[in-house]
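Peer 1: Starting off with a structure, shown below.
The values are calculated or read from the model by the stated rules, or taken from the named source; none is laboratory data. None of these values were measured; they are calculated from a predicted model. Glycine also receives a Cβ, built like all others from the backbone with ideal geometry; neighbour counts cover every protein chain displayed. To get the accessible areas, we keep the full protein, side chains included, count just its heavy atoms, and leave off ligands, DNA and RNA. Shrake-Rupley method; radii C 1.70, N 1.55, O 1.52, S 1.80 Å.
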Amino acid sequence: QVQLVESGGGLVQPGGSLRLSCAASGSNFIIYTMGWYRQAPGKQRELVAAITSGGSTNYADSVKGRFTISRDNAKKTVYLQMNSLKPEDTAVYYCNARSVIQNYWGQGTQVTVSS
């Protein structure tokens, strides 16, 4: 069993930056592919970025060059550095831990980009 707790969301002006953190509890953190998803009002949840146990990353086209995902296996934490934020980045951001047979979600953290 894995519990995920996100933090770091908030209100930021367009062009600003935020760093989201997701702290995991439980064992075998290193085996999971970790991802950040987001869901805006009236829209489906979408993948923002993911990082495998080996450190390979992939990003949604809409965030490439602006967002960076990273993980610290010793701290059982995954991060999402978000730069050059846009109003369309406004959403609830969810942390996800996935293996072949398991899939866990955090409770989400709100990110609002507005002047």
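Peer 1: Before we move on, is S53 surrounded by fewer than 15 Cβ atoms within 10 Å (Cβ to Cβ), at pLDDT below 95 and in a loop (DSSP other than H, G, I, E, B)?
Peer 2: no
Peer 1: How about region 22-42: which of its residues are part of a loop (DSSP other than H, G, I, E, B) and either under 18 Å from G54 (Cβ atoms) or of a type in the set (A, V, I, L, M) (or both)?
Peer 2: Scanning region 22-42 gives N28, Y32, A40.
Peer 1: If I ask for residues that are within 16 Å of Q110 (Cβ to Cβ) and among the β-branched types (V, I, T), which ones from region 1-56 would you list?
Peer 2: Hits for region 1-56 are V5, V12, V48.
Peer 1: Further, regarding this structure: Looking at region 72-114 only, could you name the residues that are under 24 Å from F29 (Cβ atoms), open to solvent by 40 Å² or more (accessible area, probe 1.4 Å) and under 12 Å from the mean Cα position of the chain (by Cα)?
Peer 2: Scanning region 72-114 gives Q81, W105, Q107.
Peer 1: How many residues does region 1-49 hold that are open to solvent by less than 70 Å² (accessible area, probe 1.4 Å) and either under 15 Å from K75 (Cβ atoms) or in contact (Cβ under 8 Å) with a residue 24 or more places away in the chain (or both)?
Peer 2: Result for region 1-49: 32.
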